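Inspection log for the structure reproduced underneath, given as structure tokens.
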Amino acid sequence: MPTPAPSPADPLPGEPMLPRGGRALVVRLSALGDVLFALETVAALHAERPDVRIDFLVEDRFRALLEGHPQLDRVHVYPRRQRRRIPGSVWALRSTRYDVVLDVHGILKSGLHVLAAKARHKLGPAAPGSREGAARCYSLAVPMPSPLPHRADIGHLLLAALGLSGRPTPPVLATKPPPAELIHGTRAPRVFLHPGTSAFAAFKRWPSAHFAELARRLCARGLSVMVGFGPGERELVEPMLAAAPTARAVDGGALGLLGLAGAMQQCAVVVAADTGPLHLGAAVGARCVALFGPKDHLRYGPRAHGKPHEVLFHPVPCRPCKRRNCVTPQCVLGIPVDTVEAAVLRQVAAANP
């Protein structure tokens, strides 16, 4: 039975800071995976306080991810390329009165937007959960545990500081259905392989030749394989398509983020490095095999939400590290194809008991 609506006399969770019918702003400018983590904060707030109108501030690169989002009232866009003049996102924030602003990004750029916003309460993580002095922009800098929690949990800790439960909640995405030719003609379990990362994080990639061999093996086992790529990544998937002619190419640049999410939603398993599409797969409910490499998966790994993922890396003494580049990242280069294939098969079996 539906939960009865509270009467005007019943106190609501977090009501001292967030009145009935109030308005909240969640700030997470980038990157793809972190915006998806911030949507957990949105989902948790909406689940506990559906009366609250929720706005979101995001960079223009990720605006499409939030289009038509059923839990958001308004999306403010930070125009990243307009750094030399006051961006329109600041004027938009100044025109709206908020009860609460939650900065889950915690850097100077997000903090300045929080500072500009008109709000009674401005919350963000205390250092070291925030950097560059962003905590000075908050009316309440919320202490973080040591070691720092998963990035998604920062938002839940901010909600707890409001007086809500802070319970982790799966994010919601308004995905777009993939083209019919990607999914018709087979009933075999689908596996999505995404070999790319951003150019900035290219050192986190598993070798393209390994992905090609994995694609060949999975197709030989009768699985339906999709091979995803973004703008400028076509050369990464050419060896995979040559090694596995039955694999189907998925152009993420043409489909857009929500279309790519829709394609992943049709798959039992997503295999990717530590990159945004990995978290996109997890957000739409696919089981993930994460080829992780240098970063700490306890802080940056895919969120389970009831479907355990497998995180793979080659054990080396220097892992995890915070380096932004590495000449020989053996932590990811050393992951054997046999190990990844076995993990995919376990996840396919778990998805199709």
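For the range 136-150, a residue qualifies if it is over 10 Å from PRO125 (Cβ atoms) and not in a loop (DSSP other than H, G, I, E, B), and the qualifying residues are ARG136, CYS137, LEU140. Residues in the range 169-194 that are buried (at least 17 other Cβ atoms within 10 Å of the Cβ), of a type outside the set (A, V, I, L, M, F, W, C) and out of contact with any helix residue (DSSP H, G or I) (no Cβ under 7 Å at 6 or more places or on another chain): ARG190 alone.
Among the residues of the range 178-209, write down those that are of a type outside the set (S, T, N, Q), under 25 Å from the mean Cα position of the chain (by Cα) and in a helix (DSSP H, G or I).
Residues satisfying the conditions are LEU182, ILE183, ALA199, PHE200, ALA201, ALA202, PHE203, LYS204.
Just one of ALA44, ALA92 is assigned to a helix (DSSP H, G or I), in contact (Cβ under 8 Å) with a residue 40 or more places away in the chain and not aromatic (Phe, Trp, Tyr); which is it? Exactly one residue qualifies, and that residue is ALA44. Residues in the range 243-251 include at least one that is within 27 Å of ARG63 (Cα to Cα), assigned by TED's automatic domain parsing to the domain that holds PRO336 and surrounded by fewer than 21 Cβ atoms within 10 Å (Cβ to Cβ). Put simply, of CYS219, CYS288 the only residue that is surrounded by fewer than 21 Cβ atoms within 10 Å (Cβ to Cβ), over 17 Å from LEU173 (Cα atoms) and touching a residue at least 12 places away in the same chain (Cβ under 8 Å) is CYS219.
Name the single residue that is nearest to THR339 (Cα to Cα) among those in the range 301-314 being in contact with a helix residue (DSSP H, G or I) (Cβ under 8 Å, 6 or more places away or on another chain) and modelled with pLDDT of 95 or more. Across the range 301-314, the extreme among qualifying residues is LEU312. When each of THR186, THR246 is tested for being at pLDDT 95 or above and either more than 22 Å from GLY33 (Cβ to Cβ) or basic (Lys, Arg) (or both), the lone residue that passes is THR246. If the condition is being in a strand (DSSP E or B), more than 23 Å from the chain's Cα centre (by Cα) and in contact (Cβ under 8 Å) with a residue 60 or more places away in the chain, then the range 101-127 contributes ALA119, ARG120, HIS121. Please name all residue pairs, on different chains or six or more residues apart, with Cβ atoms under 6 Å, provided the first residue is in the range 7-30 and is at pLDDT 95 or above and the second residue is outside any strand (DSSP E or B) and among the hydroxyl-bearing types (Ser, Thr, Tyr). These pairs meet every condition: VAL26/THR41; VAL27/SER110; LEU29/SER110. Of the set (1) in contact with a helix residue (DSSP H, G or I) (Cβ under 9 Å, 6 or more places away or on another chain); (2) within 25 Å of ALA350 (Cβ to Cβ); (3) of a type in the set (Ser, Thr, Tyr), all apply to THR197 but (2). Does ALA212 satisfy the condition of being within 18 Å of ARG248 (Cβ to Cβ) and either modelled with pLDDT of 95 or more or part of a loop (DSSP other than H, G, I, E, B) (or both)? Considered against the rule, which asks whether it is within 18 Å of ARG248 (Cβ to Cβ) and either modelled with pLDDT of 95 or more or part of a loop (DSSP other than H, G, I, E, B) (or both), ALA212 comes out as yes.
Determine whether ARG324 is outside the structural domain of ARG61 (by TED's automatic domain parsing) and modelled with pLDDT of 95 or more.
Values: outside the structural domain of ARG61 (by TED's automatic domain parsing): yes; modelled with pLDDT of 95 or more: no.
Here the answer is no, as ARG324 does not meet what is asked.
The set of residues in the range 294-316 that are free of Cβ contacts under 8 Å to residues at least 40 places away in the same chain and touching a His at 6+ places or on another chain (Cβ under 8 Å) comprises PRO302, VAL311, PHE313. Of all residues in the range 111-130, none are modelled with pLDDT of 95 or more, hydroxyl-bearing (Ser, Thr, Tyr) and surrounded by fewer than 20 Cβ atoms within 10 Å (Cβ to Cβ).
Within the range 40-80, if we keep just the residues that are out of contact with any Gly (no Cβ under 6 Å at 6 or more places or on another chain) and of a type in the set (Gly, Ala, Ser), the residue that is surrounded by the fewest Cβ atoms within 10 Å (Cβ to Cβ) turns out to be GLY68.
The values are calculated or read from the model by the stated rules, or taken from the named source; none is laboratory data. Here the structure is a predicted model, which is why all the values come from computation and not from measurement. Backbone-built Cβ (ideal geometry, glycine too); neighbour counts: all protein chains shown.
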